[in-house]
Amino acid sequence: MMTRPELPERAPRGEGVPTALDGLLVVDFTRVVAGPACTQTLADFGAEVIKIENPDGGDDTRAYEHAEIGGESAAYLSLNRNKRGIALDFNNPAALEVARALIAKADVVVENFSGGVMKKFGLDYASVAPTNPRLIYCSISAYGRKGEFALRPGFDPITQAESGFMSLNGFPDGEPVRTGPPIVDMATGMSACNAILLALIARDRLGRGQQVEVALIDTAVSMTGFYGMAYLINGNNPGRFGNSPNGSPTVGVYRASDGPLYMACANDRLYRRLVTDVLERPDLVTDPEFAHRKARTANKEKLRGIIASVFASDTLEHWMAKMKKANIPVGYLRTVEEGFNAPEVRDRHRLSKIAHPTAGSVPNIESPVHMSLTPTVDPVAAPLLGQHTRDVLSKTLGYDDRRIAALTEAGAFGKAGNTG
């Protein structure tokens, strides 16, 4: 039987320590991965993020099946920390009134609906900017908001496939492989966050907001990196190299007698240290077949066989100790369980548990961004569906109980119980 890992309580931040985005109001119309990843970063650093969800089920990730706790999925919990949740039925005019009122007060709006949805409800940038000229309005989509593909739906693995990014992943004799985690979604969320912060800086200089846009296909193309650039330079279609980019024999997975390791000796200096100080094979430096990077690549299968046979002759800890002493870039090839319990992760206090209204506590993975003066806020678990509806209406919009009751009666928040 599997058991949940033990996690420490999260240490609170210092009292009175400022946040980077204090006072920033973000209205979040996003769901699934890219959009929520973007707005979670804003929330982590002090922005007030109001997550608006469909009362009928809410964010799609609430139903994802990786794992669940307290009635909430792992995917949803991982992407919606530090937000306040409100449920609005956009098919109800009363709900659209609330959405427009929130946008009118917002500094930032983020949306990642399919093309045309926000315009259909009168919530697109052109409709709302006249009443809030300082608004930063960020649209996240698969193929952009203009052009013949603007209305085409798309998801992370589709853009991995169509951009050529997926063709670079896997082994030469196998099919292209998508990344396990949705890397294009996550990178698009990071780009969206960067775009919003850039637009906020520009607003301070220019005195007005603007619309910003990021698309999954654009991110996927950019993530082909130097492989894509090489194709543009020489016209050669790059292929898959497995764990050894460009076929380099001294980069990739090797096996000691009792387990695997990943090594990255990508230049002549590191290679010389590897074969002399670690493998004790100085002949692999003097042999003209292996003396330089291009020669090693040309004879990669022969060299890999030699290196593999040496590694197989002793234990993982033996080789790890020798390579660390020689300052060779090397790492254990870990599972998620092993990685999350490794000292490199635990010593940096990346994992903790935080309070949750239905589960008691839920796991928390810290933001990877560190700021000395304005650290992240103390984390609050992702909201239940509609959890903060009444609180947002009263505190953010100033609605009294009578107005909230009228909106509830009109069905603005969907079924009863979605008003927090």
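Brief remarks follow.
- Accessible carbon and sulfur surface of region 1-49 relative to its total accessible area, %, 1.4 Å: 56
- Protein heavy-atom surface of region 60-154, 1.4 angstrom probe: 54% of the accessible area is carbon and sulfur, with nucleic acids and ligands not counted.
- Cut-off 14 Å between beta-carbons: net charge of the residues surrounding ASN194, Lys and Arg +1, Asp and Glu -1: -2
- Placing pseudo-labels 7 Å out from each Cα toward the beta carbon at ASP391 and ASN327 gives an inter-label distance of 5.1 nm.
- For SER191, SER309, SER244, the ranking by accessible surface with the largest value first comes to SER309, SER191, SER244, using a 1.4 Å probe.
- Estimated FRET transfer efficiency when R0 is 22 angstrom, pair LYS294-VAL253 (beta carbons, to 0.05): 0.45
- Listed by chain and number, the lysines whose alpha-carbon sits under 18 Å from that of LYS120, ignoring those within fewer than 8 places in the same chain, are LYS146.
- Per residue accessible area in Å² of region 285-352, where ligands, DNA and RNA are left out and the probe is 1.4 Å: 63
- Between region 370-403 and region 321-344, the alpha-carbon centres lie 40 Å apart.
- Solvent exposure, largest accessible area first (probe 1.4 Å, DNA, RNA and ligands not counted), of GLU15, GLU68: GLU15, GLU68
- VAL285-LEU7 pseudo-label distance in nm [points 7 Å out on the Cα-to-Cβ vector]: 4.8
- Under 14 Å from LYS83, Cα to Cα: aspartates and glutamates that are on another chain or at least 8 residues apart: ASP22, ASP28, ASP44, GLU48, GLU53, ASP59, ASP378, ASP391
- 1.4 Å probe accessible area per residue over region 65-223, in Å²: 48
- Its residue count N sets the reference 2.2 N^0.38 Å, and the alpha-carbon radius of gyration of region 293-388 equals 1.75 times that reference.
- Of all accessible heavy-atom area on region 257-400, the percent that carbon and sulfur account for (1.4 Å): 57
- If you run the Gaussian network model on the chain, springs between alpha carbon atoms under 10 Å, then out of THR335, THR389, THR224 the most flexible one is THR335.
- Ligands, DNA and RNA excluded, the heavy atoms of ARG293 present near 100 Å² of accessible surface to a 1.4 Å solvent probe.
- The value of relative contact order for the chain, using C-alpha pairs under 8 Å at least six residues apart, is 22 percent.
- Correct choice for P(r) over Cα pairs in 20 Å bins from 0, in percent that was computed from the model, options (i) 28, 58, 14, 0; (ii) 22, 47, 25, 5, 0; (iii) 25, 48, 26, 1: (ii)
- Extension gain (nm, one decimal) between VAL177 and ASP60, 0.36 nm per residue minus Cα-Cα: 39.7 nm
- Sequence-separation-based contact order of region 165-269, relative, with Cα cut under 8 Å and 6+ spacing, percent: 27
- At full extension, ALA312 and PHE226 could sit 27.6 nm farther apart than now, given 0.36 nm per residue minus the alpha carbon distance.
- Calculated FRET value between ARG334 and PHE149, using beta carbons and R₀ = 25 Å, to 0.05: 0.05
The values are calculated or read from the model by the stated rules, or taken from the named source; none is laboratory data. Predicted model, so just to flag it, every value in this text is computed and none were measured. Cβ coordinates were reconstructed from backbone atoms using ideal geometry, including for glycine residues, and neighbour counts include every protein chain displayed. Heavy atoms of the whole protein, side chains included, go into the accessibility calculation; ligands, DNA and RNA do not. Shrake-Rupley method; radii C 1.70, N 1.55, O 1.52, S 1.80 Å.
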